[in-house]
Amino acid sequence: MDEKLQPVRDAVLKRNPGEKEFIQAVDEVLESLGPVVSRRPELLDASVIERICEPERQIIFRVPWVDDAGKVQINRGFRVEFNSALGPYKGGLRFHPSVYLGIIKFLGFEQIFKNSLTGMPIGGGKGGSDFSPAGRSDEEVMRFCQSFMTELYRHIGEYTDVPAGDIGVGGREIGYLFGQYKRITNRYESGVLTGKGLSWGGSLVRTEATGYGTVMFVQDMLASRNDTLDGKTVSVSGSGNVAIYATELAQRFGANVVTASDSSGYVHDPKGIDLELLKQIKDVERGRINDYVERRGGSAKFIPSGKGSVWEVSADVALPCATQNELHGKDAKALLSNGVVAVAEGANMPTTAEATRLFQNADVLFAPGKAANAGGVATSALEMQQNASRDSWGFDYTYDRLREIMRGIHDNCAASAEDYGLPGNYVAGANISGFMKVADAMLAQGVI
Ligand code: NDP
């Protein structure tokens, strides 16, 4: 890290003890900004980087609700409104037992730069709870969402803060959250949440956008080396929203996707994942990944977690689409020894710093999540545009807008990396390009 940035990093570490994912995300950005502060020293004079590392507002609240057995349960809710230089705070809600302040802050921090990269007028934020919807009845999930929104509603709004989904928060949860917001406020404010159902203000392509966008980014990276996805073997982790739609578009582009996973283990299906079966099990039945192997038969195998890693499977392209820090140094070595040529983060920060370095040193095309998975939030911004104009666009039109946005992100990252003497380094390109726009807006808006 550049020595001028070391004191900033030390201060962040001191102020945020125990928040290791947040520190990891800050480190990754600060590692890229050395050449920027050398060229633009006024950013240090105005403490822009210190300010970006400190959320504008952090809300932590109790979420009491009653389970099906009549017992009162207590969870903790969070909303971190990180940066509003470019627009209202925008970022998803995560419901997962691992959620604590450090996870929400890492996600909110990443979101600032991701949202900037989309070119849309949206600031960065994130929220969630340590509640786990897994194994809960629909009624329990509804009661939890209603209680969560009973506090959250006072902090959000279409011009203030616009949440969406993330791990554990899909169409069902957004529906319950929106219903409670409407009930409390007596306002049909479509623009307060994104990821809504199609008949009540949602956008076509939003469901597919994150996974599709990740694959579009891979397509553009490969094209920079006169290569394509056609005929490539692809390994994907996860089997949620991002993984399923990354698999779908990769298959459409001629790739053979051979893996899927969840927290219980992974599936290796050398003939190619049967996506309709995977969707039925994960989306409709909310089942586990080994159900896939039982029903698929043939050469498909289930490897339980702890008995192997999805990254041991030989692949040309790897798409980590599950969760943070799921691809470690040893996994990167396994992928490299099997000849991987491109890795794109569908999830947020799935690759550890060590694994990222290994890929970059081996000249593997590596796309960081804040660029590669920005298609989801970009399409959320398209949903906001449709809500504001009370319009709804067709699938092909929205898909083409997403395609154009992803190409723009790819080209901007590549150009920024080149401009700062780091050609082909998409991590530096994404950090610099995302940061500059926010920093310039903050300078223009004064010390706030
Ligand atoms: P989902 O809840 O739909 O799916 C998450 C998937 O990852 C599931 O298969 C889940 O398995 C697995 N997973 C989650 N946590 C763990 C864990 N600790 N260990 C192993 N597997 C785990 O979430 P999404 O697909 O929406 O999100 C996936 C990633 O993409 C996250 O990093 C998210 O932040 C990121 N992202 C999502 C966007 C979106 O639009 N949805 C936008 C941009 C980024 P299990 O069911 O067993 O827990």
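The values are calculated or read from the model by the stated rules, or taken from the named source; none is laboratory data. Quantities reported herein were computed from a predicted structural model and do not represent experimental measurements. All Cβ positions, even for glycine, are placed from backbone atoms using ideal geometry, and neighbour counts span all protein chains on display. For the accessible areas, the whole protein counts, side chains as well, though only heavy atoms, and no ligand, DNA or RNA atoms are used. Shrake-Rupley method; radii C 1.70, N 1.55, O 1.52, S 1.80 Å.
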- Task: Give me a count of the residues in segment 88-115 that are in a loop (DSSP other than H, G, I, E, B), closer than 15 Å to residue 348 by Cα and within 10 Å of the ligand (Cβ to nearest atom).
- Result: 2
- Query: From the list 252, 286, 295, which residue is more than 16 Å from the ligand (Cβ to nearest atom), farther than 29 Å from residue 222 by Cβ and open to solvent by 40 Å² or more (accessible area, probe 1.4 Å)?
  - Reply: 295
- Query: In segment 170-195, what residues are within 15 Å of the ligand (Cβ to nearest atom), in contact with a Gly (Cβ under 7 Å, 6 or more places away or on another chain) and open to solvent by 10 Å² or more (accessible area, probe 1.4 Å)?
  - Reply: 171, 195
- Of residues in segment 152-169 being over 30 Å from residue 237 (Cβ atoms) and in a strand (DSSP E or B), the one nearest to the ligand (Cβ to nearest atom): 161
- Task: Would you mention how many residues in segment 68-97 are within 16 Å of the chain's Cα centre (by Cα) and among the small types (Gly, Ala, Ser)?
- Result: 2
- Take the residues in segment 335-364 that are touching a Leu at 6+ places or on another chain (Cβ under 8 Å) and of a type in the set (Val, Ile, Thr), then tell me which one is nearest to the ligand (Cβ to nearest atom). 351
- Task: Would you check if there is a residue in segment 79-87 being open to solvent by less than 10 Å² (accessible area, probe 1.4 Å), away from the ligand (no atom under 16 Å from the Cβ) and not hydroxyl-bearing (Ser, Thr, Tyr)?
- Result: yes
- Flag if residue 148 is away from the ligand (no atom under 14 Å from the Cβ) and touching a Ser or Thr at 6+ places or on another chain (Cβ under 8 Å): yes
- Message: Looking at 332, 322, can you tell me which residue is within 16 Å of the ligand (Cβ to nearest atom), of a type in the set (Gly, Ala, Ser) and not assigned by TED's automatic domain parsing to the domain that holds residue 105?
- Response: 322
